[in-house]
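Peer 1: This is the structure, below, for whatever I ask next.
The values are calculated or read from the model by the stated rules, or taken from the named source; none is laboratory data. Treat the numbers as computed from the prediction; the structure is a model and nothing was measured. All Cβ positions, even for glycine, are placed from backbone atoms using ideal geometry, and neighbour counts span all protein chains on display. The protein model used for the area step is the full one, side chains on, heavy atoms only, and it has no ligands, DNA or RNA in it. Shrake-Rupley method; radii C 1.70, N 1.55, O 1.52, S 1.80 Å.
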Amino acid sequence: MKALLTLIVALGILPAPVSFERADGTSTTKDVEVVVGKRPFTRWCASLPDFAKKEAYRLTITPKRIRIEANTPEGVYRAETTLGQLEYPYPCGVIVDYPRFPWRGIMLDISRHFRDKEFILKQIDALSEVKLNVLHLHLTDAAGWRLEVKSHPELTAKAAWRVGDTWREWDTTGKRYEGSYGGFLSQEDVREIVAYAARHHMTVVPEIEMPGHSRETVYAIPGVGCREFSDDLCPGKEATFQLLEEVLAEVMDLFPSEYIHIGGDEAGKRHWHDCPDCQRRMQEEGLKNVEELQSYLVRRIERFLNAHGRRLIGWDEILEGGLSPNATVMSWRGTEGGLEAIRQGHDAVMTPGNRCYLDKVQDAPVREPEGWGGYLPIDSIYVYDPAAGIPEASLGHLLGVQGNLWHELIPQPSHTEYMLYPRAFAIAEIGWSPLEVKDADDFRERATAHAAALRERGYTTFKLEEEVGNRPASREAENHLGRGAKVAYARPWHRNYPAARAATLTDGNLGGWSYGDGRWQGFLSDVDVTIDLGSEKPVHYVTATFLAAPGAGVYLPDRVTVEYSVDGEHYLLAGELLNENPDGKYIPFGVSVGKDARYIRYHAFRTKEWLFTDEILIY
């Protein structure tokens, strides 16, 4: 008999039949033998980390039978998942497989737009198929409280319903919690979700936001904010801690997860500076600033959770003011928060916004639903390595990776699925497969096929086979009269978005679909620049492209003027262009000149917040 092919260590999370050699023909039987906790497989796994031992399996396919060996039922489930992705008749071979990281997660924000039990169960089916094992539910935020709390029914009675089907409608109305749009998960719903997830060997991690993003809590429970209307809870009041402990007690009863997420991000702390309760707390506890006051809240909540056998996890802002002794950091503002937590000996989950935020558009914005600022195609996710920059000796503190899907601009359930799939597959493969077996072309082929299979089962997915890709103009440098010319700025670029600094607007490098790609220069002012061509030249046309991402406060200019000069002192107006498409996404603003000139002044007038442009093109 010809020897079977042995594939040692991990395959991708979507194994393809073409990955197997046909050793002795194909298997024509579905008889499956399951062996759990027996040698020699347990001996083979002895050197693996404990989390990998739990999920490791060996799948042997012969013409007569299928044999699954694993240490735990979870390992058996992973083997069955792989088997379910293979075409029948099965190719003969041996797979030995285990995960790279213990935390392979997806976060769903069901506060900004509610998603019901049936939708969540449906996503557990799809997410578990690609060996994701954590579902993080963002249950509370200013836009809605989405969990039944029996000790405080007013939280859902007052804050689970709102005015406006869209987040923007809600955010701009004065009667924010008086409408009929919304909903919440009952405690029976939660128990069913948790049990269903457990059958799929997936952990559901709840998030109860504190102290920021808590406008709905302050509205529903008078007396837990510094003022009647506040975005932050008041850490100076004992009523705040009484409420949080009562809520968390019910949360822990519903969710058996080891980790409880407390948010901790973007707390404005605006009223803490003059709140008498906060100031008294700071004086009594010897706290020097409001960052330490937030740390006081986090540490106190952590002690409460630890006393109940749970662990606290929060966004990387919980590092500010001193990290709690046993806290775990979820790093979203880049990777530095996770790296710093690991340097301090804490665990971390990497979820940087530029690699793992699935609310960004995944293809050309001119044809995609609006995203929350930025462009994140599946290829950019797939190449991310959460372990980059972490010393080998500290890798044990890296729990894994997570993709986050915020719902401000995602009102429909089908839109949620469209943003998730197939990008969630890339998150899964980052978390499961070792670097040495990853292959972007092979992954793309498998992801395309699996997304098509999901569509046949009633899911809505992005179609990779129809992807446009990054902005074509960004792929090659553009030659024009102004390339390499000196640029004088009447108003400076913003320090957070310098691009190539003074060379940006004439270096020939046009930006892609994302303002954060290092080629777009950002301004919190008008764009008012003068280009010196070095000598007098015939100038026919001057143009620049601007982009819009309203969710991130990035808008198109209101109007543009172009002036020209021979001597740099006396300028004539070549033309003015008004913005007749304020809802556009990527628009060139150009003016015909038709004169000889050495100096070109390009002035784009800002309407509100940010302006981004990448090049002043002169022809």
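Peer 1: Using amide H atoms built 1.01 Å from N in the peptide plane, name the residues 5+ places from Tyr177, or on other chains, whose amide H lies under 5 Å from its own.
Peer 2: Val163
Peer 1: What number, in percent, do you get for the relative contact order of the chain if the mean sequence gap of Cα pairs under 8 Å and at least 6 apart is divided by its residue count?
Peer 2: 10
Peer 1: Given 5 Å bins starting at zero, what is the percent of C-alpha pairs of region 501-619 in each, up to the one with the largest pair distance?
Peer 2: Reading upward from the zero bin: 2, 12, 23, 24, 19, 12, 6, 2, 0.
Peer 1: Now, a different point. Given 4 °C and 1.567 mPa s, compute D for region 284-388 with the Stokes-Einstein relation, Rh being the Kirkwood radius over Cα pairs; round to the nearest whole µm²/s.
Peer 2: Reported coefficient: 83 µm²/s.
Peer 1: Moving on. Taking the Cα centre of the chain as origin, sum charge times position over the Cβ atoms of Lys and Arg (+1) and Asp and Glu (-1), and report the length of that vector in debye to the nearest 20.
Peer 2: I would put it at about 1220 debye.
Peer 1: While we're on this one: Would you mind putting 301-308, 137-144 in packing order, based on average other-beta-carbon counts within 10 Å, highest first?
Peer 2: 137-144, 301-308
Peer 1: Also: Expressed as a whole percent, how much of the Cα-Cα distance distribution for the chain exceeds 46 Å?
Peer 2: 26
Peer 1: Give me Rg/Rg_expected for region 313-458, where Rg uses Cα atoms only and Rg_expected = 2.2 N^0.38 Å with N residues.
Peer 2: The reported ratio for this selection is 1.12.
Peer 1: If you average the C-alpha positions of region 255-276 and of region 113-152 separately, how far apart do those two centres end up, in angstrom?
Peer 2: Centre-to-centre (Cα) distance: 20 Å.
Peer 1: Let me ask something additional. Can you compute 3J(HN,Hα) from phi for each residue in region 511-517, using the Karplus curve 6.51 cos²θ - 1.76 cosθ + 1.60 with θ = phi - 60°, rounded to whole Hz and x for Gly and Pro?
Peer 2: Result, ordered by residue: x, x, 7, 10, 5, x, 8 Hz.
Peer 1: Might you work out the accessible area of Lys463 for me, using a 1.4 Å probe with all protein chains in place, and round it to the nearest 10 Å²?
Peer 2: The accessible area comes out at roughly 80 Å².
Peer 1: Also: At 1.4 Å probe size, with every protein chain present, just tell me what the per residue accessible area of the chain comes to in Å².
Peer 2: Ligands and nucleic acids excluded, the figure is 40 Å² per residue.
Peer 1: Continuing with the same structure: Please arrange His540, His346 by accessible surface area, largest first, computed with a 1.4 Å probe and ligands excluded.
Peer 2: Result of the area sort, largest leading: His540, His346.
Peer 1: Let me ask something additional. Looking only at the chain, where both bridge partners belong to it, what percent of the DSSP beta bridges are antiparallel (to the nearest 5)?
Peer 2: Antiparallel: roughly 60 percent of the beta bridges in the chain.
Peer 1: Restrict the search to region 82-160; then list the chymotrypsin sites (Phe, Trp or Tyr not before Pro) that DSSP places in a loop and that have at most 14 other Cβ atoms within 10 Å of their Cβ.
Peer 2: none
Peer 1: Would you please name the GluC sites (Glu not before Pro) within region 135-205 that are DSSP coil residues with at most 13 other C-beta atoms within 10 Å of their C-beta?
Peer 2: Sites meeting the loop and neighbour criteria: Glu178.
Peer 1: Taking the alpha-carbon set of region 58-179, what are its Rg and Dmax in Å?
Peer 2: According to the Cα coordinates of region 58-179, Rg and Dmax are 21.6, 69 Å.
Peer 1: With a 1.4 Å probe and all protein chains left in place, how much of the accessible area of the chain comes from carbon and sulfur atoms, in whole percent?
Peer 2: Within the chain, the accessible surface is 49 percent carbon and sulfur.
Peer 1: Still on this structure: Quote the relative contact order of region 310-398 in percent (integer), defining contacts as alpha-carbon pairs under 8 Å separated by 6+ residues.
Peer 2: Computed over region 310-398, the figure is 22 percent.
Peer 1: Near Lys117, within a Cβ-to-Cβ distance under 14 Å, what is the net charge of the other residues, with Lys and Arg +1 and Asp and Glu -1?
Peer 2: Result for the neighbourhood of Lys117: -3.
Peer 1: Restricting things to alpha carbons, tell me how big region 435-506 is in terms of Rg and Dmax, in Å.
Peer 2: 20.9, 57
Peer 1: Dipole size in debye (nearest 20) for region 242-372 around its Cα centre, Lys and Arg Cβ +1, Asp and Glu Cβ -1?
Peer 2: 260
Peer 1: State the Cα centre-to-centre distance between region 397-472 and region 191-218 in whole Å.
Peer 2: 23
Peer 1: Return, for the Cα atoms of region 211-368, the radius of gyration and Dmax in Å, separated by a comma.
Peer 2: Rg then Dmax for region 211-368, in Å: 16.7, 57.
Peer 1: Continuing with this model, one more query. Can you list the HN-Hα couplings for region 367-378, worked out from phi with the Karplus curve (6.51, -1.76, 1.60; θ = phi - 60°), rounded to whole Hz and with x for Gly and Pro?
Peer 2: 10, 9, x, 4, x, 8, x, x, 10, 9, x, 4
Peer 1: Projected onto the charge dipole of region 82-195 (+1 at Lys/Arg Cβ, -1 at Asp/Glu Cβ, origin at the Cα centre), which of Ser128, Thr172, Tyr90 gives the Cα projection farthest towards the positive end?
Peer 2: So the residue we want is Thr172.
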